[in-house]
1. Working only within the range 103-148, note down all residues that are among the small types (Gly, Ala, Ser) and within 18 Å of ASN159 (Cβ to Cβ).
2. Is it the case, given these coordinates, that LYS148 is within 21 Å of the chain's Cα centre (by Cα) and part of a helix (DSSP H, G or I)?
3. Hey, can you tell me all the residues within the range 140-172 that are basic (Lys, Arg) and out of contact with any strand residue (DSSP E or B) (no Cβ under 8 Å at 6 or more places or on another chain)?
Amino acid sequence: MKICEKCGYESEENKEIKPGIYLCSICRQFAPSDKIEGYIQEKIDWKLLETFRKRENKNLFGMQEKAKEGKIMSRAAFGYKIVNKELVIEPTNSLIIQDIFRTFLEQNISLNQLSKKFKFSVNGIKKILKNFTYIGKIKFSGQIIQGKHPSIISSELFNKVQSKLENLNTKP
Ligand SMILES: [Zn+2]
């Protein structure tokens, strides 16, 4: 019997991804292309798994697989470009993105000043600072999941920026 090595789900649809190691369709969605062993041992988000299991149907999965591969992305976020339907880093603009995140975090600068400095609208700057794409993730049917594209910002920097943004919002 083909039993998913990560979650234990038993199905004929499970695929052998390494000799003797089967993964179910859902665990495969989140599997990295390398470090499979580490992924299998990682704690399972059962709630997320259940959500996906319930919605399990071929259309949705086909779409999700494409989304993960960056293949249904119509427009690249600033800092990326689309090459062969995949999201790749645009060197010059990605440096600007890093500069925006660092400047916002390290300097005592308002969103207004920041937007002027980098020639974006205030809304544009806010969208950039909140964009999960820059840490290699994508949003798919309301869930933030790991994408396949490279990140531009470290999660640490991104999280610090989110805290600072929240603090700005709570200031009187
Ligand atoms: Zn599984």
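Where a number appears in this text, it was derived from the coordinates with a stated rule and is not lab data. None of the values given here were measured: they were computed from a predicted structure. Here Cβ is always computed from backbone atoms with ideal geometry, including for glycine, and neighbour counts include all displayed protein chains.
1. Answer for the range 103-148, where residues must be among the small types (Gly, Ala, Ser) and within 18 Å of ASN159 (Cβ to Cβ): GLY136, GLY147.
2. No: the conditions fail for LYS148.
3. Residues satisfying the conditions are LYS160, LYS164, LYS171.
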